[in-house]
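Written out below as structure tokens is the structure these notes cover.
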Amino acid sequence: MMNSLVVVGSGVMGRGIAYVGAVGGFTVTLVDVNETSLKNAEAELNTIFEKAILRGKLSNVKEQEAKANLSYVTDLQKAASSADVIIEAVPEKAEIKRQVFESIEQCAPAHCIFATNTSTMSPTEISSYAKRPAQTIAMHFFNPVHKMPLVEIIRGLETSDETAKAIETLAEQMGKETVVINEFPGFVTSRINALVGNEAFYMLQEGLGTPKEIDKAIKLGLNYPMGPFELADLVGLDARLNNLKYLHEKLGEKYRPAPLLEQYVKAGRLGRKSGKGIYDYTEKEELIGK
């Protein structure tokens, strides 16, 4: 039985995973070394709970149960010591993930499953940071976690059938649809997203159209819920660039990042989180500030 869930990292993805875990009935501990980040995460989650009640997605009783399931701590090793599943949701940098996995390996129970929330990185490589490859797997959640229905589950080279099934069950209890695939760089969704988003930047660079025109064409012509620029601003241009660099290294020339994307990141235009990306979120209307 999986009851105790630890989520490492209280950023946008970590807090979203904590939310769906708590609503799904798990006892959830959200861990971050930064107390300010934890307080911000708690405030954001309270807002999500309030909106869910207003929209009829949660009852007041369910909200109180879910909030009671949530705790916010800075001591990773103490939290990991009683965990059934640990989901790492730190930035997509190997060294940071290594530090987390080396730490939880020292204190997590023998039965504990390790999951990494990653959109591109190898669960096989990440499993080498600890000593339980059969119990290590990737869970690719999508932003915003509480709204997006899919979790992409990626098996590493030595991931056991039991681990894959357990994580599929966990995701379903969170209210998610799942696909279980074998590891290959970029998985399914990130490879397609990276190509579409990068090509949109090349179009903008070539003067083909404005961001609004390109986004509108993709949404209405191809039935995408968000345009590639809207999505890039949401996930962060720095995150998109890191993914493209990784895929370019692993899969070749078609994933070479558009120079304009690199320029935006160098200029600090990272998207919604910085107030300005492809669109300008400091104004009442979101306009390109090219």
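The values are calculated or read from the model by the stated rules, or taken from the named source; none is laboratory data. Treat the numbers as computed from the prediction; the structure is a model and nothing was measured. Backbone-built Cβ (ideal geometry, glycine too); neighbour counts: all protein chains shown. The protein model used for the area step is the full one, side chains on, heavy atoms only, and it has no ligands, DNA or RNA in it. Shrake-Rupley method; radii C 1.70, N 1.55, O 1.52, S 1.80 Å.
Among 137-147, 220-230, sorting by the average number of other beta carbon atoms lying within 10 angstrom of each residue, highest first, gives 137-147, 220-230.
Of all DSSP-defined beta bridges confined to the chain, some 25% are antiparallel rather than parallel.
Here is the tail figure for region 43-184: Cα pairs spaced more than 27 Å apart come to 24 percent of all pairs.
In the chain, helices alone account for a calculated mean residue ellipticity at 222 nm of -14500 deg cm²/dmol, with every DSSP H run of four or more residues adding -39,500 (n - 2.57). A crude spin-label estimate for the pair residue 169 and residue 282, with each label 7 Å from Cα along the Cβ direction, gives 5.2 nm. Based on C-alpha pairs under 8 angstrom that are at least 6 apart in sequence, region 1-126 has a relative contact order of 29 percent. Highest GNM mean-square fluctuation among 130, 171, 43, for the chain modelled with Cα contacts below 10 Å: 43. Accessible area ranking (1.4 Å probe, heavy atoms, ligands and nucleic acids excluded), largest first, for 282, 136: 282, 136. With K and R counted +1 and D and E -1, the other residues having a Cβ less than 15 Å from that of residue 129 yield a net charge of -2. Counting every pair of alpha carbons in the chain, the share spaced more than 23 Å apart comes to 56 percent.
Mind checking the full-extension length gain between residue 254 and residue 150? Use 0.36 nm per residue of separation minus the Cα-Cα distance, one decimal, nm.
Full-extension gain reported as 34.8 nm.
Based on Cα contacts under 8 Å between residues 6+ apart, region 217-277 shows a relative contact order of 33 percent. Applying a length cut-off of 15 Å (Cα extent along the axis) and a mean Kyte-Doolittle floor of 1.0 to the DSSP H helices of the chain leaves 12-23.
Taken along its principal axes, the alpha carbon cloud of region 179-290 reaches lengths of 44, 31, 26 Å, longest axis first. Measuring between alpha carbons in the structure, the pairs from 147/276; 51/266; 97/250; 51/93; 176/245 lying more than 26 angstrom apart are 51/266; 51/93; 176/245. Extension gain for residue 43-residue 59 works out to 3.8 nm (0.36 nm per residue, less the C-alpha to C-alpha distance).
Within region 59-108, the trypsin sites (Lys or Arg not before Pro) that combine a DSSP coil assignment with at most 12 other C-beta atoms in a 10 angstrom radius are 93.
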